[in-house]
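Before I ask anything, let me first share the structure, which is written out below as structure tokens.
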Amino acid sequence: MYSKDQASAIKQAFWTAFGQYMALQPSSEGLKVNWINYKTGVKHLFFKMQADQRTASVSIEISHPDPGVRELMFEQFREYKNILQSSLNEDWDWAAETQTEQYKTISRISTQLSGHSIFKQEDWPALIRFFKVRIMALDEFWSTAQYGFELFK
């Protein structure tokens, strides 16, 4: 078991390594992008990557405080589902309503990788591959789909 400071340092080292690995990778539009803190340009809409001692996940999270607007944004993603799946080349889990660890209601479209730990450096290559492929696929999707979300800006 790691202390809070040790766990934080390991996570920071992983995300720094991932950021350095991805730094030279341009977006689908050829632009420089901060892959770790991917900006969708739409308030309350995030592409997130997370890893802990058992799993890693990539998700699209809609956290708009107004349930009606959150539902409209989620429905807009449903309209783009075929394009999204075409970019991702896999099915993701769709949850119109789910709770965060802080008990906040959000909508989430996600996938996860089990059996890999951010605390095992030998798992880092698999985690980096998992994140790279999916965040780049989300970027490819977003380069086309973002215009359908203009009204939510």
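Taken together, the values in this text are just the output of simple stated rules run on the coordinates, not laboratory data. These numbers were taken from a predicted model, which means no experiment stands behind them.
Past 19 Å, Cα to Cα, is the threshold; run Lys11/Lys32; Lys11/Lys39; Lys48/Lys132; Lys39/Lys120; Lys43/Lys104; Lys11/Lys43 against it and keep the listed order.
Pairs exceeding 19 Å: Lys11/Lys32; Lys11/Lys39; Lys39/Lys120; Lys11/Lys43.
May I ask you to evaluate 6.51 cos²θ - 1.76 cosθ + 1.60, the Karplus curve with θ = phi - 60°, for each residue of the range 140-145 and list the ³J(HN,Hα) values in order in whole Hz, giving x for glycine and proline?
Going residue by residue, I get 4, 4, 5, 4, 9, 7 Hz, with x marking Gly and Pro.
Would you grab the residues whose amide H sits under 5 Å from the one on Trp35? Only those 5+ places off in sequence or on another chain, please, with H modelled 1.01 Å from N.
none
What fraction of the Cα pairs in the chain, stated in percent, has a spacing above 24 angstrom? Numbers along the way, then the final one.
Details: 4127 of 11628 pairs.
Percent of Cα pairs beyond 24 Å in the chain: 35.
Could you state the principal axis extents of the C-alpha atoms in the range 1-55, from the largest down, to the nearest angstrom?
42, 27, 18
If you take the Cα atoms of the range 105-153, find Rg, then find the Kirkwood Rh from the mean of 1/r over all pairs, what is Rg/Rh? Could the numbers behind the result be given before it?
Working: Rg = 14.8 Å, Rh = 13.2 Å.
Using only Cα positions, Rg/Rh for the range 105-153 is 1.12.
I would also like to ask the following. Short version: ³J(HN,Hα) in whole Hz for each residue of the range 37-52, in order, from phi by Karplus 6.51 cos²θ - 1.76 cosθ + 1.60 (θ = phi - 60°), x for Gly and Pro, what are they?
10, 4, 9, 7, x, 10, 4, 6, 10, 10, 9, 10, 10, 9, 8, 9
Mind listing the phi-derived Karplus ³J(HN,Hα) values for the range 93-98, rounded to whole Hz, using 6.51, -1.76 and 1.60 with θ = phi - 60°, and x for any glycine or proline?
Per residue, the Karplus-derived 3J(HN,Hα) values read 7, 10, 10, 5, 9, 8 Hz.
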